[in-house]
Amino acid sequence: MAGENTSLPATTRQWTMDKSRGTWLDALELENAAPVPSLRDTDCLVRMEAASLNYRDVAMLQGNYPYPFNAGLVPGSDGAGVVIAVGGHVTNLKVGDRVCTLFHQGWESGLLTADIRATTLGNYFDGVLREFAVFPEHGLVPVPRNLSSLQAAALPCAAVTAWNALFGLESRVLQRGQTILVQGTGGVSLFAAQFAQGLGATVIATTSSEDKAEKLRKMGVQHVINYTDTPDWGVVARKLSPGGQGVDHIVEVGGNSTIQQSFRAIKIEGVISMIGFLGGKDAATSANFIDCLTTLCILRGVNVGSKEQFLAMNEFMALKEIVPVLDERVFGMDELKDAYRFLWDRKQWGKVVVKIS
């Protein structure tokens, strides 16, 4: 078995996360010679080349993450690298293949279950912020042919979440000519905007920054609303939609702090995909169940997506030549704490990526 090859690395540099060490960034610690896990028959050994950060990564250390996580784990769910060894029963991957990690290691297809939810990287299982990592073959996805490892590392959480939001509900799949609204310029929102544009849909985006507004326009976003200057942006978004009837899809990342405006913007029978809580998990809202009844909208929680959706998304991205938006600053492996702080301060444009090797 390939795992018995003595030329394979025995140790790896890796970050671990344990809040007992202290608060916020003190919980992160770099280990220089941690043992590489043994390779089982159905596993692949991957040399990690890049990782990207999500809001969930900083939320865990800030005490704002709604799910538990195990102390001492390697953080990070989103990574890309190269397979350098395979177990004897691996059938679909080979040495030299470029791969991305699957956020929910156990979610092949179909609907999410409680058991599958407990297979995520970076809080239940060791994540990607390490030089060498072992993953089951089913927990890896081939990198789209048109992307580098840095670009591919941005896909597992944000991109698949955006794809699921727009295309995951079969009865309400986004159609050409429809209108979507995205909030802010985080990874999920930018991916959703790119997918919608690739399909031929209209995009309305909100932001508080004129600089980011200009970047959105350069991306081809048709309408940009500054939510600081226009607190009642939901009404404005509705007016911008065809016939003033409201938007078909909303990628809701703010949570309680923005949901009322989303109800004001959504079309009757439209879809609001609840994804994030950037406004704070305890933020107040005046929204209530009557808003769902009034709009007859579908309010749908989205927790990333399956491997089947990931593969479909990759085909679409390759066909439309969609490339992830990455922040121009690329952090090194030793600069992880700076990367966390950079993301927490919301200084980024696009995904925050870390070059591992």
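Tabulated results
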read-out	value
Selection from region 107-125 of residues that are out of contact with any His (no Cβ under 8 Å at 6 or more places or on another chain) and farther than 12 Å from F135 by Cβ	W107, S109, G110, L111, T113, A114, D115, A118, G122, N123, Y124
Residues (acidic (D, E) and at pLDDT below 95) located in region 324-350	D345
Test: D282 is assigned to a helix (DSSP H, G or I), modelled with pLDDT under 95 and either closer than 25 Å to W24 by Cβ or in the same structural domain as M219 (by TED's automatic domain parsing) (or both)	no
Selection from region 8-66 of residues that are surrounded by fewer than 16 Cβ atoms within 10 Å (Cβ to Cβ), among the hydrophobic types (A, V, I, L, M, F, W, C) and without any contact (Cβ under 8 Å) to a residue 60 or more places away in the chain	A10, W24, A33
Filter result (touching a helix residue (DSSP H, G or I) at 6+ places or on another chain (Cβ under 8 Å) and within 24 Å of R98 (Cα to Cα)) within region 27-56	S38, L39, R40, T42, D43, C44, L45, E49, A50, S52, L53, N54
Residues located in region 86-97, provided they are of a type outside the set (K, R) and either without any contact (Cβ under 8 Å) to a residue 40 or more places away in the chain or within 15 Å of G168 (Cβ to Cβ) (or both)	G96
For R176: the one exception among (1) surrounded by fewer than 21 Cβ atoms within 10 Å (Cβ to Cβ); (2) touching a residue at least 60 places away in the same chain (Cβ under 8 Å)	(2)
Where a residue in region 98-116 is assigned by TED's automatic domain parsing to the domain that holds P142 and assigned to a loop (DSSP other than H, G, I, E, B) and its partner, wherever it lies, is of a type outside the set (A, V, I, L, M, F, W, C) and surrounded by fewer than 13 Cβ atoms within 10 Å (Cβ to Cβ), with Cβ under 6 Å and at least six apart	S109/E308
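The values are calculated or read from the model by the stated rules, or taken from the named source; none is laboratory data. Predicted model only: the values in this text are computed from it and were never measured. As a convention, Cβ positions derive from the backbone with ideal geometry for all residues, glycine included, and neighbour counts pool all protein chains shown.
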